[in-house]
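Coordinate-derived values only; no laboratory data. The structure presented is a predicted model; accordingly, all values stated were derived computationally and were not measured. As a convention, Cβ positions derive from the backbone with ideal geometry for all residues, glycine included, and neighbour counts pool all protein chains shown.
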Amino acid sequence: MKTFKHISLIAVVLLLAFTAQTASAGNFSGKKKDNQQNLITIKGKVIDAESRAPLVFATVAVKETNVAIITNIDGEFTLKVSDLSTSKSLVISFL
């Protein structure tokens, strides 16, 4: 039983250490580049054409770029793209 408590304590300490490291990594306040492009937010919901059911974990991507996201459990997505990519098409794939 001592071994189990010891392992549990180590796991909790490691979890706290990783959480603290992740939280501090998210607080980076570097300067923005002057030539940074404006971002546009695209929100939507992907549904089946016949059943009107949401498509869970469908991939929504901007054509000819490396920008993509996966829909949530309700078929919804939020995608941020640069204003230069607004003339491109969205490609939705679902297996």
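Using the Karplus relation 6.51 cos²θ - 1.76 cosθ + 1.60 with θ = phi - 60°, the per-residue 3J(HN,Hα) values for the range 50-63 come to 8, 8, 6, 7, x, 8, 7, 6, 7, 9, 10, 10, 8, 4 Hz, with x marking Gly and Pro.
When all alpha-carbon pairs of the range 39-93 are counted, what percent fall beyond 13 Å? Tail of P(r) above 13 Å: 56 percent of Cα pairs. Put a dot 7 Å past the Cα of Thr41, heading toward its Cβ, do the same for Asp74, and the two dots end up 1.4 nm apart.
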